[in-house]
Amino acid sequence: MREFRLGLLGLAAVALSATGAAAQGAYPNQPVRIIVPFSAGSITDGLARSIADKLQDSWKQQVIIENRPGLPGTTGVAKAAPDGYTLMLTSNGHTIAGALNKSLQFDPVKDFAGVTQVASVPLVLIIPPELPVKTVKEFVDLAKQKPGTMNFASAGIASTSYLSAELFKQVANIQMQHVPYKGAPEATTSVIRNDSQLYMLGVNLTVELQESGKVRALAMTTPKRVAQLPNVPTMVEAGLTDYKYDAWFAVFAPAGTPKAILDKASKDIAAVLQLADIKERLAKQGVEVVTGTPEQLDALNREDTERYTKILKDAGVQPN
């Protein structure tokens with residue numbers, strides 16, 4: 001009798017395993033939510049909606065975008081069921097959450113499983129046109145001649161514009177004052193007015209402002225030049241060989257999500273991003289499509305969390 005009961009238990013376990021495998025194989029078989037921890041109209045929100053529209057056609061399931069700005073949105077994903085039906089599309093600002101917040105309710109690395117990177121947004125180091133420099137080297141020399149008297153603008157400490165500029169300051173070994181603004185428009189205006197002498201701006205707006213003579217572009221944050229600004233060198237080409245910054249965007253799932261689901265979601269999202277109309281739409285916004293495996297995103301998230309936490313610590317930023 002005991003052997004009979006054990007046999008039944010074994011059959012039940014096999015049945016449950018088969019059911020689980022079937023459920024994973026059928027993923028998704030119900031609506032999927034993509035949480036965006038940014039407001040509607042942001043770059044992150046636009047990426048999520050572009051992807052969701054096409055995923056619905058591929059998955060034959062509703063893909064719902066939920067804007068839940070700030071830490072509450074990310075916390076909700078960290079605590080969600082790891083079944084693939086709650087995903088998050090966020091920026092590389094995700095990696096510094098722990099460095100800025102004492103009472104964080106999640107771990108940016110341990111509580112999330114990578115699905116795929118989706119995009120990278122090239123940034124451009126811009127300066128006021130009246131500043132008497134035309135290269136990164138000349139800018140660095142000027143900053144060293146006037147330590148602490150020049151300003152760099154940002155859209156806040158949690159922004160890519162701050163991280164990329166602070167990294168520039170540290171790699172170039174110069175002293176500059178950080179001036180945070182409410183957002184990118186205000187920070188950009190501060191450079192146009194020469195209230196700030198440096199800001200990291202997106203490609204499209206840089207092209208527009210440089211053509212009108214309102215700013216001067218000195219270097220790209222990307223490893224290679226961009227077509228829209230072919231004469232603007234990369235930071236490495238400009239002499240800062242240790243400069244490496246990527247303003248990336250990616251999709252994550254709660255930690256513990258089955259690998260089969262992560263792999264399928266990664267593959268399907270990557271396929272959507274290779275569609276000609278999606279690539280064209282994003283290119284017009286200055287967004288470069290970049291995809292990868294879940295394992296590659298996990299490694300990127302882990303490495304950037306460590307690196308940016310050190311950058312903030314070296315900058316004297318204390319978590320609140």
For region 145-208, what are the per-bin percents of Cα-Cα distances with bins 10 Å wide, up to the bin holding the maximum?
-> 24, 56, 20, 0
Mean projected area (nm²) from the convex hull of Cα positions in the chain is 18.7 nm²
From the residues I278, L218, L163, which one has its Cα farthest along the dipole of the chain in the positive direction, the dipole being from +1 and -1 charges on Cβ of Lys/Arg and Asp/Glu about the Cα centre?
-> L163
Hey, which lysines would be in cross-link range of K244, C-alpha to C-alpha under 25 Å, not counting anything within fewer than 8 residues on its own chain?
-> K110, K134, K137, K144, K169, K224, K279, K284, K310, K313
Region 108-155, Rg to Rh (Cα coordinates; Rh as Kirkwood inverse mean 1/r) = 1.23
In whole percent, what relative contact order does region 106-258 give with Cα contacts below 8 Å and a gap of six or more residues?
-> 39 percent
Size of the dipole of the chain about the Cα centre, Lys and Arg at +1 and Asp and Glu at -1 on the beta carbon, nothing else charged, in debye to 20?
-> 260 debye
List the relative contact order of the chain as a percent without decimals, with contacts defined as Cα pairs under 8 Å and 6+ residues apart.
-> 26 percent
Give me the Kirkwood hydrodynamic radius of region 230-289 in Å, from all C-alpha pairs, to one decimal place?
-> 14.7 Å
How many angstrom lie between the C-alpha centres of region 244-279 and region 146-177?
-> 31 Å
How would you rank 105-114, 222-231, highest first, on the average number of other Cβ atoms within 10 Å across their residues?
-> 105-114, 222-231
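Where a number appears in this text, it was derived from the coordinates with a stated rule and is not lab data. Only a predicted model underlies this, so the values are computations on that prediction, with no experimental measurement involved. Quick reminder, even Gly has a Cβ in these numbers, built from the backbone with ideal geometry, and neighbours come from all protein chains shown.
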